[in-house]
1. Specify which residue in the list B:VAL227, B:TRP2, B:PRO71 is farthest towards the positive end of the charge dipole of chain B, using unit charges on the beta carbon of Lys, Arg (+1) and Asp, Glu (-1), about the Cα centre.
2. With Cβ to Cβ distances under 15 Å as the rule, what net charge do the other residues near A:VAL220 carry (K, R +1; D, E -1)?
3. For B:THR220 and B:ARG234, compute 0.36 nm times the residue count separating them, minus their Cα-Cα distance, and round to one decimal in nm.
4. Enumerate the amide H contacts of A:ASP241 below 5 Å, restricted to partners 5 or more residues apart or on another chain; note that Pro and chain-start residues carry no placed amide H.
5. For the protein assembly as shown, what class follows from the C-alpha gyration tensor (a ≥ b ≥ c being the square roots of its eigenvalues): rounded when a/c is under 1.5, otherwise prolate if a/b is larger than b/c, else oblate?
6. How would B:SER122, A:SER211, A:SER136 line up by accessible area, probe 1.4 Å, largest first?
7. If the cut-off is a Cα-Cα distance under 17 Å, which lysines reach A:LYS142, setting aside same-chain residues fewer than 8 apart in sequence?
8. Report the accessible area of B:VAL48, computed with a 1.4 Å probe over the heavy atoms of all protein chains in place, in Å² rounded to the nearest 10.
Amino acid sequence: MKNLHLYVLSGVLAATAAGVFGYKVLVLGFPLQPAQTAELWDFEARVRFDALGRPVKLTLQIPSRGSGYVIADEGFFSGRYGLSTRYVAGNRQAVWSVRSARGRQTLIYRSVVQVTGTRRDTSAPAPPPMPEFAESELEIAKAFLERARAHSADSDTLVSYVLDALRNETDSDLSMLLADRREPQERLDLVTKILALGGVHAEVLNGLPLSAPGYNVQPVAWLEVVDDDGALQRYDPASGDRATEVPFLVLWRGVNALAMLDGGYGLNVTLALERSARPAIASLLYAPESERHWVVDYALFNLPVTTQAAFRILLTIPLGVLVLVVMRNVIGFKTFGTFMPVLIALAFRGTDLVAGVLFLVLIVSLGLLVRFYLEHLKLILVPRLASVLIVVVLLMAMVTMVCYKLGIGVGLSVSLFPMVVMTMVIERMAIVWEERGAAEALQQGAGSIVVAAIAYTVMNVPFLVHLVFVFPELLLLALGGTLLLGRYSGYRLLELRRFKALAGDK
Amino acid sequence: MWLLNAARLRRAGVLGLNRRNADFLLRYNPRARYPLVDDKLLTKELAVAAGLAVPQLYGVVEHDGDLRALPARMRALADFVIKPAQGSTGDGIVVVTGRVRAGYRTAGGALIPEDDLVHHVSNALAGLYSLGGHPDRVFLEARVIADPVFEAIAYQGVPDVRIVVFLGVPVMAMVRLPTRLSDGKANLHQGAIGVGIDIRSGVTLSAVFRNEIVTEHPDTGQPVNGVAIPHWQRLLDIAAHSYELTGLGYQAVDLVLDVRHGPMLLELNARPGLAIQIANRAGLLPRLELVERHAAALGDRAARIAFATEHFTAAAADTAR
């Protein structure tokens, strides 16, 4: 048989993929669906700063007990630093210290947060001490509290009233008190003082609601109140409503800084929150070393959260490439460059499809105008390419600025668009335009965009993204597919149209 | 609807790009031989060594340093053609018909200043027209004056004859006629007409213009079929010879008919396009498969040409119907 070697190879790849996949699903119980209700979350705090060769001490607020979740697992990446954890005023802190350090430093804290259900927590702490108000402020606060009390019936409505007033800035007394307090946690702290004046125990929580994953998220300030029945209630100041469904990961209580650095500069803390793909096998993951299966140990979700995020994207690229192969060799689309459409599809991640296509067309069109002008200057190849690249960067800056002024928000995320890809597209398009004519150039351009759009859509189907991340062995299947397509000798779809004059004859 | 044509095209024996690449190019064209064909200068050297007629080589520009001497060399010639050695599908070729003051007139009638020509050569040296963008050589060769047999059906430029040769057997042929749209270039992609040629008789058949079948030249209005190509046997011989020249199993031979020197080899092509099938209103596959079956039995060049003239003719197809 003609292609025996190839068929056997593809068969082996497919069998391997199916085998490992089947084992993981049936025996180990890896989840097939992306987790619908996230029971586990991966939290990561990445601290970066520069050290000066002096002793360094870094203090970071780390998650402590809260209602609705437990810290299932915790890890610290400390390098040469000594580590200790302590409680300060009810807040849990990690303290990293070292005798001498120089240059860029990176410290990481990771934890797995397990949502345990939002039970009503009736273990309320002791009533707070009377708040300290400056004399001038005390009367104003009392006046405001009177009004608030008059407009409410219980602790819940009282808190709602106060939070509404805080958000809408309708009350002049409150606004006066808020004049010096700019930060959200300071403003909420004032609210707790006012509520305490009224006999309602409240505390400021700083942390992250466990509702939306994100890379580089900022901690928000929420309010925790002991209601009339003695139960703990949480309020989101952005809406003024009780947040009963959403558990809140507490990083610190009261007014404080997320991290404090001694002996360095340029402190930068990045927080990341990612839904964990582990719910169904949590018990396997947290089993003691001796019982843990080695396949689970090597699974990709043991990596740091930020690396996981990068891999989620990386692993979908073969899907895009498979789409590209089918579009070019089976359908017969013409594109610029071999893998350009996949690179363009990756660029669309930052802007989403429609905005990305419009932006690409805009920049390429403007770039082409400049490129045709450059023809008059008779520049040799490499400096000409470099000039086009610089012009592209400037164009991107201009377009972003115009979008910002016009209020088109999506224009702000285009800075991630790869400018090298666009330069190459412009250069190739200009050459094809001059050599083969406008029709051919536009044909290839349209083909590239269509293929990029389809690849982008496929690369972002949530089910597929989950599948390739949890079962990377499925990419062997994709490999077998591309190998088989390597000997595909049938007609391309668009060839059927090209040769239609020959179809009637014989 | 054309979407359902796959079965009909298969019956007609039409060769698609995937099939050409998978079953013929990858199988019969050793990758090591490609440079002999992709680099026109190497092809010229091989042809001259084998005694085949080619347009005279005036000079080669290899490095940027040679550019300084180029204007003087160009001025010493009456007319010439500038060709990047590794260009494809006619890219980068400039046909100069004469000099006017500080400029040069091209075949299309345009006037190019000397500086622009030098800049063009510099671009070509940098690899602008070569496959893969590699740095390239540029050469100047003699301009071909077309045989008058094509006068009525060509718009300026020089028509060329392309013969597809499989394992040394000429399987299909067409003549490419320049039009105004193609700017005097015999390039199908740029708007030239391809006219099928009967392998046995050397007489033209119907033609293809932008994937459509036509019977007249769009600019002159003259019928393009029924024209007898002169020196046809010699053309077939040069084509069959190219197999021994390069060792490539599937290639196309581009030949021109010069009014003074007769048939000359212009260049070879290792990845010939498929429009020749539309020009001949016939699929390549039946012919290729026939050659595949008998290739071992065919001996020398004469036997291969005899095989082709016997089997690959529209007359034979007619009687078969």
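1. B:TRP2
2. Cβ neighbours under 15 Å give a net charge of -3.
3. Numbers: separation 14, 0.36 × 14 = 5.04 nm, distance 2.86 nm.
So the chain would gain 2.2 nm between B:THR220 and B:ARG234.
4. When sequence neighbours closer than 5 places are left aside, the close amide H contacts are A:ASP236.
5. Because a/c hits 1.5 or more and a/b exceeds b/c, the protein assembly as shown counts as prolate.
6. The ordering from most to least exposed comes out as A:SER136, A:SER211, B:SER122.
7. A:LYS193
8. For B:VAL48, solvent-accessible area is about 90 Å².
The values are calculated or read from the model by the stated rules, or taken from the named source; none is laboratory data. Since we're looking at a predicted model, the values are computed, not measured. We place every Cβ from the backbone using ideal geometry, glycine too, and count neighbours over all the protein chains shown. Side chains are part of the model used for accessible areas, which takes the heavy atoms of the whole protein and leaves out ligands, DNA and RNA. Shrake-Rupley method; radii C 1.70, N 1.55, O 1.52, S 1.80 Å.
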